[in-house]
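To start, the structure itself, in structure tokens.
None of the figures in this text is laboratory data; all of them are computed from the coordinates on show. All values derive from a computational prediction rather than experimental measurement. When we count neighbours, we look across all protein chains shown, and the Cβ atoms used for this are built from the backbone with ideal geometry, even at glycine.
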Amino acid sequence: MQSGFSAMASLRVSLPLLFLLMILELHVEAPGEVTEGETADLTCKTTCSLTDPTFIWYKDGRPLTTKTIKNNQLHLQTVSSEDTGSYSCAGRGSQHLRSTAHRLRVRYPPKRVSVSISPSGEIVEGSSVTLTCSSDGNPPVKIYSWFKGSTSVGEGKTYSFPNIRSEHSGEYTCQSRNDHGEGRSTAVHLNVLYPPKRVSVSISPSGEVVEGTSVNLTCSSDGNPPVKIYTWFKGSASVGEGEIYSIPNIRSEDSGEYTCQSWNHHGERNSTAVQINVLYPPKNISVSISPSGEIVEGSSVTLTCSSDGNPHVKNYTWFKEGGTSPVGSGQNYSIINITADHTGLYYCVAQNDHGAQRSAGVPVFFKGYPVILYVALGVGLCMIAVTVVLWRCSESRRKRQDGTVDQPIYANEGQSHHSARPPPEDESSVYANDAVSSRH
């Protein structure tokens with residue numbers, strides 16, 4: 001009896017141990033690798049046959065609650081890269097006795113492709129910049145391709161600019177590829193900062209610049225950031241500020257070379273000089289006489305006309321004051337064997353494509369001619385004055401001999417005509433007036 005009891009007790013002790021041994025024989029059957037998008041089934045197996053067992057599945061040590069579990073099978077409907085991991089199973093109530101873990105590897109094309117820029121911050125022309133491509137793929141990415149816009153510009157995990165230029169600005173993407181596909185990063189923008197370049201000046205309106213018109217000079221340049229300050233120079237002298245320099249009523253003295261200086265935070269640059277050539281009619285007309293000094297009758301003189309005009313004066317015409325017809329043409333006018341007929345005031349008219357202007361008159365008189373003329377005129381006037389005085393005295397004596405009252409002539413005349421007259425003048429005034437009238 002005692003031996004039977006001992007046998008029963010031994011059997012009760014052995015059953016948990018037997019169950020433990022059976023549990024320890026749990027293992028997971030599953031494919032080693034599966035491609036993303038496919039279906040995968042993982043099976044929890046044991047060598048014993050259990051009646052309606054309940055299994056718990058673990059991934060990377062954590063219980064799975066969102067996957068489809070049927071009996072002893074874990075069903076992955078559409079495998080993704082997130083399903084990669086170590087899977088194990090256990091019977092409910094014996095969770096501490098899990099099966100050996102099984103590693104499930106998922107093959108998938110590159111994803112989470114991104115680009116980083118080094119160094120970070122502003123990118124200044126002339127510095128070095130490196131772009132690095134990062135991605136997640138299984139198997140690991142083998143090929144990296146770089147694009148600027150839609151144009152392929154390089155290969156490799158990194159793409160470097162040892163001396164970056166303004167033309168490198170733009171959007172860059174990295175394309176990663178493995179045996180199962182490819183992925184492309186979001187575009188990153190390289191904004192290269194640089195001082196002004198390609199500075200130029202345009203003139204409006206184009207064509208000839210005529211004095212009195214309005215002219216605008218416009219400065220154009222390429223810079224990043226955009227140019228903030230424009231300074232204008234005529235030669236080396238500063239003449240204005242702003243993108244446009246206006247000359248509303250241009251004069252001949254505005255002719256010259258103009259340059260524009262463009263400035264931003266990274267430097268400055270000057271444009272090539274542009275020439276403004278202001279066209280204008282002749283001005284500052286003058287006449288010189290050669291030889292200088294006294295002119296002797298019978299000698300020769302040359303008159304030379306000088307002027308300032310743009311374009312240069314083409315036509316010179318000579319006139320003698322008082323005449324209507326020209327007496328000569330050309331920059332020089334010569335009088336050979338000068339006589340009294342040649343004396344007078346001479347002037348020239350200078351003409352170019354934009355107008356004409358005359359000089360002041362210059363006198364041409366030979367030695368002695370003006371003096372003789374004025375002396376003769378003075379003698380003639382004196383003789384006329386003496387004759388008038390003698391005639392007046394003779395008339396005065398005759399009237400006194402006739403018994404006429406000795407009163408001023410105008411008073412007698414006024415009484416005889418009974419009309420108002422200006423106050424009487426003395427004889428000297430009358431004689432002076434007569435002399436003046438005789439000169440005219």
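Longer than 31 Å from Cα to Cα, which of LYS59/LYS111; LYS148/LYS197; LYS283/LYS320; LYS111/LYS148; LYS197/LYS234; LYS157/LYS228 are they? Say none if no pair is. Pairs exceeding the cut-off: LYS157/LYS228. Charged neighbours of LYS197, selected by a Cβ distance under 14 Å, balance to -1 (K, R count +1; D, E count -1). Packing order of peptides 285-292, 342-349, 26-33, highest average first: 342-349, 26-33, 285-292 (average count of other Cβ atoms within 10 Å over each peptide's residues).
Once you reduce the stretch 79-141 and the stretch 171-188 to the center of their Cα atoms, the two points are 15 Å from each other.
In this structure, SER120 and GLU257 have a Cβ-Cβ separation that, at R0 = 41 Å, corresponds to a calculated FRET efficiency of about 0.35. Length gained on full extension, ASN315 to ARG103: 65.7 nm, using 0.36 nm per residue less the C-alpha separation. Model label sites at SER160 and HIS96, defined 7 Å from Cα along the beta-carbon direction, differ in position by 5.8 nm. As a rough guide to protection, the peptides 79-87, 115-123 ranked by mean Cβ packing within 10 Å, highest first, stand as 79-87, 115-123. Each principal axis of the stretch 151-305 carries a Cα extent, and these read 117, 27, 25 Å when sorted largest first.
You can think of it this way: the chain between ASP308 and GLU208 has 34.2 nm of extra reach, that is 0.36 nm per residue less the Cα-Cα gap.
What the Cβ-Cβ distance of ARG62 and SER152 gives, at R0 = 41 Å and to the nearest 0.05, is a FRET efficiency of 0.40. If r is the Cβ-Cβ distance from ASN191 to VAL274 and R0 is 35 Å, what FRET efficiency results, to the nearest 0.05? About 0.65, to the nearest 0.05.
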